[in-house]
Amino acid sequence: MGWRTVVITKTSKLDHSLGYMVVGDVENTVKIHISEISFLIVGSTSVSLTAYLLN
């Protein structure tokens, strides 16, 4: 059961890796476990998202 609300507001790439959502941008990379995510809000049209992560 998730408890995090993740908001993406700038250009980045969202990917799936070993049960984690990997958020990478120009400055850094962050991993968030999928089970912790309750809501994912993408507030930018310049976000790249893999189909496996959406599934």
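Counting only other residues whose beta carbon sits under 13 Å from that of Val30, what net charge do I get with K and R as +1, D and E as -1?
0
Quick one: net charge of Leu18's neighbours, Cβ under 15 Å, K/R +1, D/E -1?
-1
If each of Val30 and Val7 carries a label point 7 Å out from its Cα toward its Cβ, how far apart are those two points in nm?
1.1
For the stretch 9-55, which trypsin sites (Lys or Arg not before Pro) are in a loop by DSSP, counting at most 11 other Cβ atoms within 10 Å?
Filter output for the stretch 9-55: Lys10.
Okay, helix-only estimate at 222 nm for the chain: each DSSP H run of n ≥ 4 adds -39500 (n - 2.57), divide by all residues, round to 500 deg cm²/dmol; what do you get?
-1000 deg cm²/dmol
Search the structure for amide H atoms under 5 Å from the amide H of Thr50, placed 1.01 Å from N in the peptide plane, and list their residues when 5 or more places away or on another chain.
Long-range HN contacts for Thr50: Leu14.
Which residues' amide hydrogens lie under 5 Å from the amide hydrogen of Ile37, considering only partners 5 or more residues apart or on another chain, with H built in the peptide plane?
It is Trp3, Arg4, by chain and number.
When DSSP assigns beta bridges and you keep just the ones with both residues in the chain, what percent turn out antiparallel, to the nearest 5?
If we restrict to bridges inside the chain, about 55 percent are antiparallel.
Readers should treat all values here as calculations from the given coordinates under stated rules, not as data from a laboratory. Being a predicted model, the structure only gives us computed values, none of them experimental. Ideal geometry is used to build each Cβ from the backbone, glycine not excepted, and the neighbour counts take in all protein chains shown.
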